[in-house]
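Notes to accompany the following structure.
The values are calculated or read from the model by the stated rules, or taken from the named source; none is laboratory data. Since this is a predicted model, take the numbers as computed values, not measurements. As a convention, Cβ positions derive from the backbone with ideal geometry for all residues, glycine included, and neighbour counts pool all protein chains shown. Surface areas here come from the heavy atoms of the whole protein model, side chains and all, with no ligands, DNA or RNA. Shrake-Rupley method; radii C 1.70, N 1.55, O 1.52, S 1.80 Å.
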Amino acid sequence: MMIDRGRYTSGRIALANLSTSIDGLERERAASASFESLLTLAKLFFLRGDLLGSVADHDRGDSIATEAIDMSPDCARALYVRAQIAGRFHCFTKAKGLLAQALVAGYPRQEIEAERAALLQATGYYNEALVLRERLAKRNPRIDTLASLATLLAEMDQWGRAETCYLAALNADDGVSPFPCGQLLFEWGVSSMRRGDLDRAERIFAALDAVLPAHVPGRGHRAEVAFAQGKLDVAEALVAPLLEASDDPEYRALYAEILAVRGDGRSARHAELAAEAYERLLAHRPEAYADHAAAFFMGVGNRPKRALELALVNLELRDTPRSRKLLAKASAAKQITVAREFAV
């Protein structure tokens with residue numbers, strides 16, 4: 001996977017510029033911020049949170065967006081933003097209702113369709129989402145519309161079409177910011193992981209690292225790939241710095257898994273810290289973290305009953321092939337535990 005890094009702004013510089021913009025808007029907010037400037041600030045916090053794996057940035061973005069919405073709660077833009085935030089945190093039913101209200105209030109249909117496609121895809125309505133994704137990509141073949149179509153096709157196991165769309169999305173990128181390309185490469189790499197093509201996933205995550213080395217989720221997934229390939233030293237070297245860089249427990253959980261395979265006694269303590277962090281997140285946003293927490297608790301978290309509870313919550317939110325697979329694995333883990341208890 002070869003990307004011409006020279007066509008993009010340095011990833012480090014782009015991230016520094018993003019933080020500078022956030023700081024400037026924060027100062028403006030302290031004086032007297034407008035509805036639009038608050039929404040822009042919230043959007044930038046969400047973007048930085050996505051790039052750095054920062055739960056705190058996501059929470060900050062939510063808080064500031066809410067502040068903006070309170071200025072004009074019933075306008076079409078406010079309704080649309082509320083729908084976006086509800087979808088981001090996996091409150092899908094609420095998001096669908098808010099989108100319908102935003103449309104009635106006069107928000108542009110094309111943007112409504114893009115968000116609706118994301119919700120349909122997230123909740124397993126792939127064919128309905130495909131109609132919208134294809135329409136949006138045909139109408140406006142940009143990196144974001146083509147990449148979104150590619151990711152949906154990958155979820156539908158249409159790998160050939162997905163690869164074609166990912167490449168088309170890269171070729172459609174005419175900007176200098178590394179962020180859209182970075183997000184595309186991240187989604188492409190995750191799709192390759194889920195397909196089981198670890199070598200391709202590694203190449204894609206390596207390309208992401210070249211374009212945007214501070215992309216924390218990309219680095220974390222690259223560590224997962226190395227771990228799955230049995231490259232423990234590589235996996236540990238990739239994930240260890242993320243324990244300080246990110247407040248997302250996903251990386252500490254992976255670190256605990258790596259230590260456990262090594263027979264390192266520190267694994268139990270890191271698993272305990274990850275469990276505590278997951279429970280804090282679940283108390284705040286149960287819908288948003290149910291799936292990742294379920295995977296953790298059925299593995300190194302070693303609480304299969306809790307994993308099953310969370311997998312059921314996740315399936316209720318979205319009936320997708322991955323959700324059903326997660327539930328099946330959680331059920332099997334719980335049954336194994338019960339069988340062991342009876343055998344003792």
request  = Looking only at the stretch 30-57, count how many residues are touching a Ser or Thr at 6+ places or on another chain (Cβ under 7 Å) and among the charged types (D, E, K, R).
outcome  = 1
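If a residue must be touching a residue at least 40 places away in the same chain (Cβ under 8 Å) and either under 16 Å from G11 (Cβ atoms) or not hydroxyl-bearing (S, T, Y) (or both), how many such residues does the stretch 211-257 contain? It would help to see each step written out before you state the result.
Residues of the stretch 211-257 touching a residue at least 40 places away in the same chain (Cβ under 8 Å): 211-217, 220, 242, 245-251, 253, 256-257.
Narrowing the set further to residues that are either under 16 Å from G11 (Cβ atoms) or not hydroxyl-bearing (S, T, Y) (or both) leaves 211-217, 220, 242, 245, 247-250, 253, 256-257.
Here the count works out to 17.
Give the number of residues within the stretch 71-100 that are in a helix (DSSP H, G or I) and buried (at least 16 other Cβ atoms within 10 Å of the Cβ).
19
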message = What are the pairs with Cβ atoms under 7 angstrom where one residue, in the stretch 271-286, is touching a residue at least 40 places away in the same chain (Cβ under 8 Å) and the other, located anywhere, is surrounded by 15 or more Cβ atoms within 10 Å (Cβ to Cβ) and hydroxyl-bearing (S, T, Y)? Sequence gap at least six, or different chains.
response = L281/Y289
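Answer yes or no as to whether P213 is open to solvent by 10 Å² or more (accessible area, probe 1.4 Å), of a type outside the set (A, V, I, L, M) and modelled with pLDDT of 95 or more.
Values: open to solvent by 10 Å² or more (accessible area, probe 1.4 Å): yes; of a type outside the set (A, V, I, L, M): yes; modelled with pLDDT of 95 or more: no.
In short, no.
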ask   = Would a scan of the stretch 242-257 turn up a residue that is of a type in the set (A, V, I, L, M), part of a helix (DSSP H, G or I) and closer than 26 Å to I3 by Cα?
value = yes
inquiry  = I need the full set of residues from the stretch 1-56 which are in a helix (DSSP H, G or I) and among the acidic types (D, E), in order please.
reply    = D23, E26, E28, E36, D50
A65 being open to solvent by less than 30 Å² (accessible area, probe 1.4 Å), under 30 Å from Y251 (Cβ atoms) and under 22 Å from the mean Cα position of the chain (by Cα) = yes
key: Subset of the stretch 101-131 that is open to solvent by 60 Å² or more (accessible area, probe 1.4 Å), at pLDDT 95 or above and polar (S, T, N, Q) - its residue that is nearest to the chain's Cα centre (by Cα)   = N127
ask   = Do we have any residue at all in the stretch 184-203 that's closer than 16 Å to R5 by Cα and open to solvent by less than 30 Å² (accessible area, probe 1.4 Å)?
value = yes
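Pick from A294, A290, A307: which is under 17 Å from G124 (Cα atoms) and open to solvent by less than 20 Å² (accessible area, probe 1.4 Å)?
Numbers: A294 fails: under 17 Å from G124 (Cα atoms); A307 fails: under 17 Å from G124 (Cα atoms).
Every option except A290 fails the conditions.
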inquiry  = Against the definition (over 30 Å from L243 (Cβ atoms) and open to solvent by less than 50 Å² (accessible area, probe 1.4 Å)), how does L15 come out, yes or no?
reply    = no
ask   = Considering only residues of the stretch 157-175 that are open to solvent by 40 Å² or more (accessible area, probe 1.4 Å) and in a loop (DSSP other than H, G, I, E, B), which is farthest from E187 (Cα to Cα)?
value = D174
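Counting just the residues of the stretch 42-60 that are under 11 Å from L15 (Cβ atoms) and in contact (Cβ under 8 Å) with a residue 40 or more places away in the chain, which one comes out surrounded by the fewest Cβ atoms within 10 Å (Cβ to Cβ)?
Applying the first criterion (under 11 Å from L15 (Cβ atoms)) to the stretch 42-60 yields 47-48, 51-52.
The next check asks that each one be in contact (Cβ under 8 Å) with a residue 40 or more places away in the chain; those that pass are 47, 51-52.
Values: L47: 18, L51: 24, L52: 22.
So, considering only residues that are under 11 Å from L15 (Cβ atoms) and in contact (Cβ under 8 Å) with a residue 40 or more places away in the chain, the one surrounded by the fewest Cβ atoms within 10 Å (Cβ to Cβ) is L47.
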query = Looking at (1) at pLDDT 95 or above; (2) part of a loop (DSSP other than H, G, I, E, B), can you tell me which one I64 breaks?
reply = (2)
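Criterion first (farther than 23 Å from S10 by Cα and either open to solvent by 20 Å² or more (accessible area, probe 1.4 Å) or among the β-branched types (V, I, T) (or both)) does A150 satisfy it? Spell out how you get there, then give the answer.
Values: farther than 23 Å from S10 by Cα: yes; either open to solvent by 20 Å² or more (accessible area, probe 1.4 Å) or among the β-branched types (V, I, T) (or both): no.
Considered against the rule, which asks whether it is farther than 23 Å from S10 by Cα and either open to solvent by 20 Å² or more (accessible area, probe 1.4 Å) or among the β-branched types (V, I, T) (or both), A150 comes out as no.
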inquiry  = I'd like the residue in the stretch 310-324 that is without any contact (Cβ under 8 Å) to a residue 60 or more places away in the chain and not hydrophobic (A, V, I, L, M, F, W, C) and, out of all such residues, is least open to solvent (accessible area, probe 1.4 Å).
reply    = N314
